[in-house]
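Structure first, commentary second.
Readers should treat all values here as calculations from the given coordinates under stated rules, not as data from a laboratory. Predicted, not measured: the structure shown is a model, and the values here were computed from it. Quick reminder, even Gly has a Cβ in these numbers, built from the backbone with ideal geometry, and neighbours come from all protein chains shown.
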Amino acid sequence: MGMLQSTLNRSRALPAMTGLFLLILTACGGGGGSSSSGVSPVSPPPPPPAPVVTVQSDLVYGSNLTQSGAKTLTLDLYQLDGTCDEPVPFVLGIHGGGFTGGSKTGGSWPSNLEAVAMRGYAGLSINYRLVSDEPVVSAEFQPLRDDLIAAADEIGLDDLQRAQANAAVAAFEDAVTALDWVNENADLYCLDRDRFALWGSSAGAYIALHVGHALNDYFIAHPEPLVVVDFWGALFAADWLDTQGPPIMIVHGSDDLVVPYENALSLSARAEETNLPYTFYTLDNVGHGTNIKQPQPDLGGETIETVTIDFIEAHLLGTQPLYEVKRLIQD
């Protein structure tokens, strides 16, 4: 940021000093008198208007295949209202729902991404293909899909779980499609294509983690995030964590029966083993999900939402993030 500076003209120094002297005399009544100068006081300028977050809904970011044809994919874009002075970093928010449900406007995602936008960044929330769409992945993602289905067959998953595995890989592909859309439309929407974070919850965290860490092993081209936030999600295999990948934040309930807590422990252990920077917050005696807007005594009274955006912001700006492991006792 620059600072506007002005230089006094030497030829005007004496008149300026004389004017200042006269102003002081006027303010003092010229000699102790009580008569008014007759000059009305200058009113202070009005405060600037409060920032307003605008939402552009249902922007089409692409289409990908299903058994019944191509499915149109949409996102919502959260930004501060106003002109574009320079491209802003963005956060891609990814909803949960077990790959069978959920939407880009579900849960706390609208308010989460409004909070991101209030910091001066952009928030994007995407819809993606679900089990009911019967998605068909592209040839580029087929090897990853085949490996997941083979693993599902080895451990005896049922038909729904196999369908979820298939939909999960399709969702990875959709997230990459959304990032490619940003690359192509960054100038139009004032987005910094090189500085972004992935933030997912539950199934959305699976998507965020795999896009951030698992695709390079399959030689799948994709934009690289600077940081990944995992709310009660997992990698299908902890050793898929890319040692050269982005730092991660893990938030997980100790009593989670949907995505067992052991997944978070394995992920953090893998990060520790490979020296990948990470933060890990255990939600003590909490199941699958929590109110992230509730102040946390163990976070100095801050909310999980605020601490998460702080963590993201540090990576987007290149400042020093806070990496820590804590157990958050819930009231």
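Counting only C-alpha contacts under 8 Å and six or more residues apart, can you give the relative contact order of the chain as a whole percent? Intermediate values should be presented prior to the final figure.
Values: 584 pairs, mean separation 40.6, N = 331.
Dividing the mean separation by the residue count of the chain yields 12 percent.
When the helices of the chain are scored as -39500 (n - 2.57) per DSSP H run of n ≥ 4 and the total is divided over every residue, the value at 222 nm lands at -11000 deg cm²/dmol.
Both numbers refer to the Cα atoms of the stretch 79-232; Rg and Dmax are 15.9, 55 Å. What residue among Trp232, Trp181, Trp199 shows peak mean-square fluctuation when the chain is described by a Gaussian network model with Cα springs under 10 Å? Result for the chain, Cα springs under 10 Å: Trp181 fluctuates most. With respect to the chain, whose longest principal axis is taken over its alpha-carbon atoms, helix 142-154 is tilted by about 60°. When only alpha carbons are used to place a centre, the stretch 262-331 and the stretch 221-260 end up 12 Å from one another. Measure nothing but the geometry: give the 0 to 90° angle between the long axis through the Cα atoms of 304-317 and the longest principal axis through the Cα atoms of the chain, rounded to 10°. It is inclined by approximately 80 degrees.
Suppose we look only past 33 Å in the calculated P(r) of the stretch 53-328. What percent of the Cα-Cα pairs does that tail hold?
Numbers: 5844 of 37950 pairs.
Roughly 15 percent, once rounded to a whole number.
Ranking Leu209, Thr243, Gly93 by Cα position along the charge dipole of the chain, where only Lys, Arg, Asp and Glu carry charges on their C-beta atoms, puts Gly93 farthest toward the positive end.
With the contact rule set at Cα under 8 Å and sequence spacing of 6 or more, what percent relative contact order holds for the stretch 42-110?
24 percent
In Å, the Kirkwood hydrodynamic radius of the stretch 211-285 over pairs of distinct alpha carbons?
Numbers: mean 1/r = 0.0793 Å⁻¹.
Taking the inverse mean of 1/r over all distinct Cα pairs, the stretch 211-285 comes out at 12.6 Å.
Along the stretch 71-85 the Karplus relation, 6.51 cos²θ - 1.76 cosθ + 1.60 evaluated at θ = phi - 60°, assigns HN-Hα couplings of 10, 6, 10, 10, 9, 10, 10, 9, 8, 5, 5, x, 7, 8, 7 Hz to successive residues, with x for each Gly and Pro.
Near the amide H of Leu191, within less than 5 Å, lie the amide hydrogens of Val88, all on another chain or at least 5 residues away, with H placed in the peptide plane.
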